[in-house]
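Structure first, then comments.
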Amino acid sequence: MMDWLFQRAELSPERPALIFRDELWTYAQLQVRVSGLCAQLAELGIRANSRVALHLPNTPEFVMLAHALGRLGAVILPLNTRLTANETRYQLDSARAEWLMTGKATPPEIRALAPSAGLVLQSELNFEGSADRHWSSGSLDLGAPWGIMFTSGTTGRPKGAVLSYGNLFFSALASAHRLGLETAARWLLAMPLFHIGGLSILFRSMLYGTCVILHEKFDPSDIDRSLENGQASIVSLVPTMLQRLMETRDWQPFPESLKVVLLGGAAAPKSLLQRCMEIGIPLASTYGLTEAASQVATALPALVSRKPGTVGSALAGNEVRILSEAGAVLPAGEIGEIAVRGPIVSVGYLQSGRFPDISSHFSSGQPALFPKDEKAIEAGLKHAGPSRAYPWFQTGDLGYLDEDGDLFVVQRRSDLIVTGGENVYPAEVEQALEVHPDVAQAFVFGLPDEEWGQRVAALVVPGRPDHIGAGSLLDHLREKLAGYKLPRNIEFVKSLPLTTSGKIDRQRAALMFAKKVKEP
């Protein structure tokens, strides 16, 4: 099929595509800039299947580069700008990135990681250039890899989930089917573009022909002003963002122009949900994963009001089931592991830098593009084939389905810590701690936190008790881990409780921490 931006610019050239601060680009204007960028990137040597890492903040330049790289057929690797140089190097090496695109604010230690002759500075590119007719359009294969999104694993090493164009396309259709589609909609985007929750909004809006209001970061006052002036009709937030935004607003209702607050990324405190519903905030609770191109299930405001805590049923064309430890399907009401299947689910993780085979992941033919009504959306979803044609993906998250088939998420991935919408896997922090020469063993877990949902805590068994302190451990970790992964509470113990198999008994260790904190 023809690339999505080209077809959108042909269908609705004068429709607003992107707003950033006080500047607006129509689809026609975005198309001109992207085709000009394609010519520049091709001249540098970037071509189909080139693996290109983006280390950039939320800016129009990021948006234009993402579209241009897609038109060239390059594979995109969005990098978390909060990671350390060591964490970034691991992702670049694992993905075998050939190019690194950065901006002025990128630290020199990150720039130094660029492959030989593969560093591209944003300042070296012309984002205002005229259209290049040779690059005015491109073709997309739904089965081709679009990009690599790293998501942490329980082993402590991030895993690169390969997302295809088909994953993004059918995710966009399914989301529109659930949320409804208004061509005049404007989606306020303050989520990081290096997260699938933020990046997916770009492609959805392009497919729908709607507008993205892009913010460089989440600033409650800036977001409040943008919502209050009636610009946005939908906004995506994690619970911490919503809490801070409502405090900034002094818990006043939003203007009627805001139709939906899509809330996900972590479990929302019941007190927050209740207070928002009491003042009429249109909450749509959602559950999603990087491996599923963002949304998996979503509950619209009416359902959230009737069933606080639910994230609704699986999006159209996809399925959710609950499995026991033995892999058996559990009946309604029983808690088990959440499994997902359908065209939104990644076909796999990178293996030694190789893509999984995705050639047969999607059926051949041309699905309905840019649906204008529900029937067209249904037709597009049917193109993906029945969900049973796809393998089940076991998420590691715990939850249950009620009698209506609505999902309740009890606990995110086993031992996962979600702090301010960011995922932290204890194993990664434990490994970083145990590299320290004076640490014999470490146990990391999450503590409840009113503002961030959870905060990272650690129990440490010192190798040499007289040579170690919390301050030196944090200095050691800052060189290895992003700031949000650092323990906010560290306690030292002589030993950790073990299970009969010799593993750390995580439940007893957490109780040990609680007892240690209470000691005078």
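The values are calculated or read from the model by the stated rules, or taken from the named source; none is laboratory data. Remember, it's a predicted structure, so these values are computed and weren't measured experimentally. Cβ placement follows ideal geometry from the backbone for every residue including glycine, while neighbour counts extend to all protein chains displayed. Accessible surface is based on the protein model in full, side chains and every heavy atom, while ligands, DNA and RNA are left aside. Shrake-Rupley method; radii C 1.70, N 1.55, O 1.52, S 1.80 Å.
Considering only the range 467-477, I want to know if a residue exists there that is assigned to a helix (DSSP H, G or I), of a type in the set (D, E, K, R), open to solvent by 30 Å² or more (accessible area, probe 1.4 Å) and touching an Asp or Glu at 6+ places or on another chain (Cβ under 8 Å).
First, the residues of the range 467-477 that are assigned to a helix (DSSP H, G or I): 467, 470-477.
Narrowing the set further to residues that are of a type in the set (D, E, K, R) leaves 475.
Okay, now just the ones that are also open to solvent by 30 Å² or more (accessible area, probe 1.4 Å), so 475.
Next, from what is left, pick out any that are touching an Asp or Glu at 6+ places or on another chain (Cβ under 8 Å): none.
Scanning the range 467-477 turns up no residue that is assigned to a helix (DSSP H, G or I), of a type in the set (D, E, K, R), open to solvent by 30 Å² or more (accessible area, probe 1.4 Å) and touching an Asp or Glu at 6+ places or on another chain (Cβ under 8 Å).
In this structure, is Ala184 among the hydrophobic types (A, V, I, L, M, F, W, C), buried (at least 22 other Cβ atoms within 10 Å of the Cβ), out of contact with any Phe, Trp or Tyr (no Cβ under 9 Å at 6 or more places or on another chain) and within 24 Å of Ser12 (Cα to Cα)? If you could, list the steps in order and put the result at the bottom.
Numbers: among the hydrophobic types (A, V, I, L, M, F, W, C): yes; buried (at least 22 other Cβ atoms within 10 Å of the Cβ): no; out of contact with any Phe, Trp or Tyr (no Cβ under 9 Å at 6 or more places or on another chain): yes; within 24 Å of Ser12 (Cα to Cα): yes.
So Ala184 fails the test.
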Task: Lone unmet requirement of (1) open to solvent by 50 Å² or more (accessible area, probe 1.4 Å); (2) more than 15 Å from Pro60 (Cα to Cα) for Arg8 - done: (1)
Task: Arg178 charged (D, E, K, R), part of a helix (DSSP H, G or I) and on the phi < 0 side of the Ramachandran plot - done: yes
TODO: Of the numbered conditions (1) under 22 Å from Tyr390 (Cβ atoms); (2) hydroxyl-bearing (Ser, Thr, Tyr); (3) surrounded by fewer than 22 Cβ atoms within 10 Å (Cβ to Cβ), Ser233 fails exactly one; give the number of that condition.
DONE: (1)
Open item on the list: For the range 64-80, check the following and say yes or no: at least one residue is under 24 Å from Gln31 (Cβ atoms), crowded, with 16+ Cβ neighbours inside 10 Å, among the polar types (S, T, N, Q) and modelled with pLDDT of 90 or more.
Closed with: no
Open item on the list: Please determine whether any residue of the range 430-440 is touching a His at 6+ places or on another chain (Cβ under 6 Å), surrounded by fewer than 21 Cβ atoms within 10 Å (Cβ to Cβ) and at pLDDT 85 or above.
Closed with: yes
TODO: Filter the range 419-445 down to residues that are in contact (Cβ under 8 Å) with a residue 40 or more places away in the chain and of a type in the set (D, E, K, R) and give me whichever is farthest from Thr290 (Cα to Cα).
DONE: Glu430
Task: Residue count, the range 298-311 (criterion: open to solvent by less than 30 Å² (accessible area, probe 1.4 Å) and within 15 Å of Ala176 (Cβ to Cβ)) - done: 1
Open item on the list: Any residue that is on the phi < 0 side of the Ramachandran plot, in contact with a Ser or Thr (Cβ under 6 Å, 6 or more places away or on another chain) and modelled with pLDDT under 90 - is there at least one of those in the range 121-134?
Closed with: yes
Open item on the list: Residues to consider are Gly348, Gly333; find the one that is at pLDDT 85 or above and under 24 Å from Thr290 (Cα atoms).
Closed with: Gly348
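Any residue in the range 27-36 that is basic (Lys, Arg) and in a helix (DSSP H, G or I)?
Applying the first criterion (basic (Lys, Arg)) to the range 27-36 yields 33.
Now drop any that are not in a helix (DSSP H, G or I), which leaves 33.
Yes.
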- [ ] Tell me, yes or no, whether the range 274-287 has at least one residue that is modelled with pLDDT of 95 or more and polar (S, T, N, Q).
- [x] yes
- [ ] Give the number of residues within the range 396-429 that are among the charged types (D, E, K, R), assigned to a loop (DSSP other than H, G, I, E, B) and either modelled with pLDDT of 85 or more or open to solvent by less than 20 Å² (accessible area, probe 1.4 Å) (or both).
- [x] 4
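With respect to Gln507, is the statement that it is open to solvent by 30 Å² or more (accessible area, probe 1.4 Å) and within 26 Å of the chain's Cα centre (by Cα) true?
Taking the combined requirement at face value, the residue does not satisfy it.
Looking at Glu216, is it touching a residue at least 40 places away in the same chain (Cβ under 8 Å) and not polar (S, T, N, Q)? Let's see the steps before the verdict.
Details: touching a residue at least 40 places away in the same chain (Cβ under 8 Å): yes; not polar (S, T, N, Q): yes.
Against the criterion (touching a residue at least 40 places away in the same chain (Cβ under 8 Å) and not polar (S, T, N, Q)), Glu216 qualifies.
Could you check the range 46-155 for strands (runs of 3 or more DSSP E) lying wholly inside it with 1 or more residues that are touching a residue at least 12 places away in the same chain (Cβ under 8 Å) and over 19 Å from the mean Cα position of the chain (by Cα)?
Working: elements: 51-55, 75-78, 99-102, 119-121, 145-151.
Correct list: 51-55, 99-102, 119-121.
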- [ ] Just one of (1) in a loop (DSSP other than H, G, I, E, B); (2) more than 24 Å from Ile417 (Cα to Cα); (3) in contact with a helix residue (DSSP H, G or I) (Cβ under 7 Å, 6 or more places away or on another chain) trips up Glu256, so point out which.
- [x] (3)
TODO: Select, from Ile279, Ile201, the only residue that is surrounded by 24 or more Cβ atoms within 10 Å (Cβ to Cβ) and free of Cβ contacts under 8 Å to residues at least 40 places away in the same chain.
DONE: Ile201
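Is there a residue in the range 295-318 that is under 25 Å from Trp146 (Cα atoms) and of a type in the set (D, E, K, R)?
The first filter runs over the range 295-318 and keeps only residues under 25 Å from Trp146 (Cα atoms), leaving 295-298, 314-318.
Checking the rest, the ones that are also of a type in the set (D, E, K, R) come to none.
There is no residue in the range 295-318 that is under 25 Å from Trp146 (Cα atoms) and of a type in the set (D, E, K, R).
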- [ ] Just name the residue that is most open to solvent (accessible area, probe 1.4 Å) out of those in the range 84-101 that are of a type outside the set (Phe, Trp, Tyr) and within 19 Å of Ala66 (Cβ to Cβ).
- [x] Glu98
Task: All positions within the range 352-395 that are modelled with pLDDT of 85 or more, surrounded by 19 or more Cβ atoms within 10 Å (Cβ to Cβ) and part of a loop (DSSP other than H, G, I, E, B) - done: Tyr390
